[in-house]
1. Which shape class, rounded, prolate or oblate, goes with region 64-143 when its Cα gyration tensor gives a ≥ b ≥ c as root eigenvalues, a/c under 1.5 marks rounded, and past that a/b bigger than b/c marks prolate?
2. Where does region 86-182 land on Rg(C-alpha)/(2.2 N^0.38 Å)?
3. Using per-residue counts of other Cβ atoms within 10 Å, averaged over each peptide, order 369-379, 193-203 from highest down.
4. Counting pairs on different chains as well as pairs 8 or more places apart, how many Lys pairs in region 45-84 have Cα atoms under 29 Å apart?
5. Could you tell me which of rounded, prolate or oblate describes the chain, using a ≥ b ≥ c as the square roots of the eigenvalues of the alpha-carbon gyration tensor, with rounded for a/c under 1.5 and, failing that, prolate when a/b is larger than b/c and oblate otherwise?
6. Just the accessible area for Phe146, please: 1.4 Å probe, Å², rounded to the nearest 10?
7. Keeping all protein chains in position, work out how much accessible area His107 exposes to a 1.4 Å probe, and write it in Å² to the nearest 10.
8. Express the relative contact order of the chain as a whole percentage, based on alpha carbon pairs under 8 Å and six or more residues apart in sequence.
Amino acid sequence: MVRRSSNGSMKPFNHCAKPHKDILEGKFSLELYAAKLDDVYRQTKNCPEEYLDPKTFFDRTFRTKSFEKILDDVEGRLKGDKTRDSFLNITTPFGGGKTHTLIGLLHKSKEWNAKPIVLDGVGIDANKETLWGYIEKELDGKIEKFGEMAPPGSRELMKLLEKHQPLLILIDEAMHYVSIARAIKAGSTTVAELTIKFFQQLTTAVSSLDKVCVVCTVPASTIEFDNDEEGQKLYASLKKVIGRTDKVITPIKSEEIPNVIRRRLFSGTDKEILDKAGEDITKFADYCEREKILPEGLTSVKYRKELERSYPFLPHVIDVLYENWGTIANFQRTRGVLRLLSMVVHSIVARHGDSPSFISTADFDLSDNDIQRELISHIDEKFSGIIYKDITSENSGAKKIDKDMGQGTDFGERVATTIFMYSHSGDANAKISATIADLKRAVCNENIIPATIDTVIQKARENLAYLHQTGDRFHFKLKGNLIKLKNDTVENL
């Protein structure tokens, strides 16, 4: 959360976590968080520099345990270690770090003196090229033997690949290519079916070669392509073929997400940042214990660990975005969270002139067009009107609460913003609501008496038209709040 005095006015930030230059400059293009493997491979001009330059790339990449294991396994295979897998399948949810991992392998292959080739399932036109023809062209400079629609056998593939060892084949978005190829006829079958047969031959071929390794990405579910009956059958077939010899890998585990975010958005190593932030973290954990607003089931010691893990974000920010928003279809769990949080950090610095000590969901400026569009693009468009009516407009319920509270506070807006961020998920069984303790942790700091928020919540019940309460939990819905409607009716009478 941004540092504020007891009446809500700003206090100077500390400098424990300094945002990277591109965030300070407001560079949020999708390409910055979703680089194309083929662009890095071909060093295209439109590819962001941070992906092209190996040093910058690895400086901003938190090396998860799985990522380190992938690097180690692939390097070992390329150097002739037969105990290492020849075919690795990276399977993650949408936006889960697949392409980022392949870019890391591409850069490392040069250190390992291995020849890399890239097959981008989105970039290769299934109407014009087969994957086997494309591989021959990349390796030999022309298509001579693999120009037919039928894929070559494993022996023919072995002969081609063997002479280019050590060889690293990176295949991104394989299912995207298969999905497009299903509409292309090839005699009595389709290019999609032939492509799956090709993968069958490829797995056999590379298993017999000492210094060839294939790393292929496949989505964890069918949401990234046409998931009708035919699409699902093709997906199952591809997974089955690759699954004969593969080693399924998840590059990022949920507990590593905060480290990935911190490294990508802020300068310095984890140790450098946390060494400076130690005092702030201890103070906030002690404050939450003293005011009895610790998360349920946690002691101050355990919560301090959570704060260290998520810093400079409060733990609930990562949880709400990754576990709730991350389950919404087409919300990209890693790059989507990175892009949104980049906007939030930029917005805070633009408004207050410095970087924050803690960042909370209460600091998400819903009046910022970039932030609001990013959020609304994943939920019902009608929520845009609710944001305006209840939170951001001058006549909104939240602004009315702030006027009632006096002294220039913005507690009403911060409470309403936090409730809004808690109110969305793609999982029908998720808890899409915030407790009173959740709201106090999100809005308060050691200079604010949490009891103040009890007053704000009471006023929120009366002034926010779309706020709903279930027990001690609060959330926004598209339908109106009966208490507010009743109050408006009485006021009008």
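1. Working: a/c = 2.20, a/b = 1.33, b/c = 1.66.
Oblate shape, in that a/c is at least 1.5 and b/c is the bigger or equal ratio.
2. On the way: Rg = 14.0 Å, N = 97, 2.2 N^0.38 = 12.5 Å.
Cα Rg divided by the expected 2.2 N^0.38 Å: 1.11.
3. Values: 369-379: 15.6, 193-203: 21.1.
Most protected by this proxy first, the peptides run 193-203, 369-379.
4. Numbers: Lys45/Lys55; Lys55/Lys65; Lys55/Lys69; Lys55/Lys79; Lys65/Lys79; Lys65/Lys82; Lys69/Lys79; Lys69/Lys82.
Counting lysine pairs in region 45-84 gives 8.
5. Details: a/c = 2.74, a/b = 1.95, b/c = 1.41.
The shape class here is prolate.
6. Ignoring ligands and nucleic acids, Phe146 comes out at about 10 Å².
7. The value for His107 is about 10 Å².
8. Here the relative contact order equals 19 percent.
The values are calculated or read from the model by the stated rules, or taken from the named source; none is laboratory data. Owing to the predicted nature of the structure, the values given are computational and were not obtained by experimental measurement. Note that we place each Cβ from the backbone using ideal geometry, even for glycine, and neighbour counts take in every protein chain shown. Protein only, heavy atoms only, side chains kept; ligands, DNA and RNA dropped before computing areas. Shrake-Rupley method; radii C 1.70, N 1.55, O 1.52, S 1.80 Å.
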